[in-house]
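Here is the structure we will look at.
Since every read-out is calculated from the coordinates, none of them should be taken as a lab result. Computed from a prediction, not measured in an experiment: that's the story for all the values here. Cβ placement follows ideal geometry from the backbone for every residue including glycine, while neighbour counts extend to all protein chains displayed.
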Amino acid sequence: MAPPLLHLQDIHLTIGGQALLAGAELAVHEADSIALVGRNGSGKSTLLKIAAALVEPDGGERFFQPGTTLRYLPQEPDLSAYDTVLDYVEDGLAPGDEHYRAQYLLEQLGMTGAEKPADISGGEARRAALARVMAPQPDILLLDEPTNHLDLPAIEWLEGELKQIRSAKVIISHDRRFLENLTRNVVWIDRGIARRSSKGFDHFEAWRDEIFELEQAEEQKLKMKILAEEDWVRYGVSGRRKRNMRRMGELQDLRGKKREMASNRPVGDVRMSASEGESSGKTVIKARNLSIAFDGRDIVKDFSIEIMRGDRIGIIGPNGAGKSTLINLLTEGLKPDTGTVKLGTNLQMMTLDQKRESLQPEWTLQEALTTHGGDMVQVGDSSRHVVGYMKDFLFRPEQARSPISVLSGGERGRLMLARALAKPSNFLVLDEPTNDLDLETLDLLQEVIDDYSGTVVLVSHDRDFLDRLCTTTLFAEGDGRWTEYAGGYSDMVAQRGTGVKARKASKREKTAKQDASTPTADPKQRTTLTFKDKHMLETLPGKMEEIQAKIARLRARLEDPELFAKDPETFNKAAKAMEAQEELLEKAEERWLELEILQEELGES
């Protein structure tokens, strides 16, 4: 096997007196696709930063193949030094890179490139960062939670784009389906070390559980051996009164090993359960002919549904489709323009909002959980000490007086769940509950919802989570139309014949977006071509010739009448590659034509 492009060996790092990484290893070969997994706080993101040479470890070696190109996607990109989003993306390109890919990727991610960094949301900043790292098509892509803040159309587009490029990929993500579709190897960070499996993410849980079972069996064997040795020491024949010093030393070694194994057991699981109230009536919600519109755009139009006790309703659609609006209409948080909503009897509703807006940054964890500033948390009908309840959600006792502002995204997610699940309910309304949760916590949340006897309405972009839980799916078809499908996300796709497509902006929205763009978007306000425009105008013809040559080679390959019969997988890959190259050519030609027209209008031709 060829040497790796990137190799981390025996990596050690201690933070705050605790060993975060203790001999971790990561090897990335050409065209590798690796899922980097582990509990929140296990050191995944830190190891990725060490791989990107952004963090210096306390010990270990980092080998990076000379001439290799690498790009790293951070969780919180900083665009503040740039005038526009396009400037930020193009700054990530190196000489020889295809400049038109910056504009192409931004457009695919729903942006124009003319946006000002100070005016965009956190989600838009993440999209810009994705375009920046993918545009150069580097040898290695290090992606930390690339699907965060993306809706389903963007996630599925990103999957397709990442499958097309040749870059080796190391991906941290809580999206199971994303990891299953894109990765072939798994590196699991657990208690400071990294274990690697080539079985793929599909087999990760079984492999992880097998390792835990082997460790438990080994610890049990050690306990039995210690008991046998202690029995020999205590009850040996009289001739052994003068103890065998070698065996006594071995016994001490065994006891030391036992203590080490006990201190290095896997981190405890989150222990959560929903505090259930009394049963609601048989009918939970009856909605008839609901309609609502904003700024002339229909969000919900003539929609009717009857939700019964125990239903699991998933709400699916692209960003901007009106998923949260539909929830607010159904729960009487918003009044419809027309139509009626009738809630059932004895409803105890618990809501989890996706933006964590009910958490005040200056609160301590204790204040957030107790609400009255005491030491006890009301969990259903009983009271529990706040520290004990915090431990159920993997918070340390010393965090009780820490402000919420210092918590990570995953910790905030767990805190919101701790607050919400303590309240008695028979109707759960969950708006993106999976955000920032690790895979183990997602598993447990799924079990909690699965065991919950009440009714659940759920908004999520996590396809696997929807498939595992939903009995019914409400899908935004567009123009305010919502359709009810039996089953989860995959069932919906099977019935519709297609997945979620990006929402098309109305003429009014497009006009508003254009008005908000920078003056450079309007040729009449320009007096000269920018340096970047001139460079693109000069280099695009050559790039288009290169793409046309690639298309010609792929077409010649596809014209082989025996290729499909001999190797259908290669045929399909070549067909997809040609389709992608044709799309790139179309974008490049459009950009070149725009610049030619602009140059002519400015009199610079």
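Mind listing which GluC sites (Glu not before Pro) in segment 534-605 are in a DSSP loop and have 10 or fewer other Cβ atoms within 10 Å? Mind dumping the intermediate values first?
Working: sites: Glu538, Glu545, Glu546, Glu559, Glu562, Glu569, Glu579, Glu582, Glu583, Glu586, Glu589, Glu590, Glu594, Glu596, Glu600, Glu601, Glu604; in loops: Glu559, Glu562, Glu604.
Here the sparse-neighbourhood loop sites are Glu559, Glu562.
Per-residue Cβ neighbour counts within 10 Å put Lys323, Lys223 in the sequence Lys223, Lys323, beginning with the fewest. Rounded to the nearest 20, the Cβ-based charge dipole of segment 6-206 about its Cα centre (Lys and Arg +1, Asp and Glu -1) stands at 700 debye. Using a simple spin-label model with pseudo-atoms 7 Å out from Cα toward Cβ, Ser383 and Ala118 lie 5.2 nm apart.
Across segment 297-330, the residues whose backbone nitrogen lies under 20 Å from the label position 7 Å along the beta-carbon direction of Lys282 are 305-313. A Förster distance of 41 Å, applied to the separation of the beta-carbon atoms of Asp443 and Ala552, puts the FRET efficiency at 0.25. May I ask for the distance between the Cα centers of segment 398-438 and segment 27-53, given as a whole number of Å? Using only Cα atoms, the two centres lie 26 Å from each other. Listed by chain and number, the aspartates and glutamates whose alpha-carbon sits under 15 Å from that of Lys391, ignoring those within fewer than 8 places in the same chain, are Asp269, Asp375, Glu411.
Measuring max minus min along each principal axis, the C-alpha atoms of segment 6-206 give extents of 45, 33, 32 Å (largest first). Per-residue extension of 0.36 nm, minus the Cα-Cα distance of Glu590 and Asp209, leaves a gain of 131.9 nm for this segment. In a reduced charge model with +1 at each Lys and Arg Cβ and -1 at each Asp and Glu Cβ, segment 283-496 shows a dipole moment near 440 debye about its Cα centre.
How do Lys335, Lys169 line up, fewest other C-beta atoms within 10 Å first?
Values: Lys335 10, Lys169 22.
Result, fewest neighbours first: Lys335, Lys169.
Note on Ile34, Ile316: ascending count of other Cβ atoms within 10 Å places them as Ile34, Ile316, the fewest first.
Work out the FRET efficiency for Thr570 and Glu107 from their Cβ-Cβ distance, taking R0 = 35 Å, and round it to the nearest 0.05.
Numbers: r = 30 Å, r/R0 = 0.86.
With R0 = 35 Å, the Cβ-Cβ based efficiency is 0.70.
Compute the FRET efficiency between Asp202 and Arg166 as 1/(1 + (r/R0)^6), taking r as their Cβ-Cβ distance and R0 = 25 Å, and round to the nearest 0.05. Efficiency, from the Cβ-Cβ distance: 0.60.
Which percentage, to the nearest 5, of the DSSP beta bridges contained in segment 6-206 is antiparallel? Present the calculation step by step, with values, prior to reporting the outcome.
Numbers: 18 of 34 bridges.
Among the beta bridges of segment 6-206, antiparallel pairing accounts for roughly 55 percent.
For Ala24, neighbours were defined as the other residues whose beta-carbon sits under 13 Å from its Cβ, and their charges (Lys and Arg +1, Asp and Glu -1) total +1.
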